[in-house]
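Okay, structure first, notes after.
The values are calculated or read from the model by the stated rules, or taken from the named source; none is laboratory data. What you see is a predicted model; the values in this text were computed from it and never measured. With ideal geometry, Cβ positions are generated from the backbone for all residues, glycine too; neighbour counts draw on all protein chains shown.
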Amino acid sequence: MFRQLSAGRMAHPPKEGEPRVAPCPQCGEVMINLGKDFKAPKQGDVEQWKKVQLLYQHGYTFHSCGCGGPGPRPEKLREVEAFVQEQARLRAELDREQRLAAEAAERNRKRKKAAQARLRKRLVRQAAA
């Protein structure tokens with residue numbers, strides 16, 4: 001685990017929209033950005049590195065303390081599966097709520113449009129009478 005220089009301190013920072021490529025100074029492979037809140041386990045702690053790998057493979061990084069994201073990450077490898085399943089359940093629930101809200105908004109829009117059309121018809125009939 002190595003800290004990367006901020007873009008402002010790099011000799012050749014990436015251009016706007018370009019991905020940032022930072023080679024590992026130890027092995028030369030491209031490093032991944034796990035976020036500023038990432039605390040690397042000890043190099044020999046295989047179980048914790050496996051946990052980090054599983055979280056990353058499922059799209060979880062450490063770019064926030066969790067306040068605006070998935071919340072606290074699991075502390076142990078054995079907790080990862082339950083965490084990922086709970087996050088999937090919460091995401092599905094949120095997607096369902098958003099879909100229902102969008103459907104309700106569309107129904108309300110159609111009702112309002114129909115009510116406006118009825119009002120126009122009534123006004124036209126009154127003007128003709």
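The single condition among (1) in a loop (DSSP other than H, G, I, E, B); (2) modelled with pLDDT of 85 or more; (3) surrounded by fewer than 16 Cβ atoms within 10 Å (Cβ to Cβ) that CYS65 does not satisfy is (2). Restricting VAL21, VAL46 to residues that are modelled with pLDDT of 85 or more and either in contact with a Gly (Cβ under 8 Å, 6 or more places away or on another chain) or exposed (fewer than 14 other Cβ atoms within 10 Å of the Cβ) (or both) narrows the list to VAL46.
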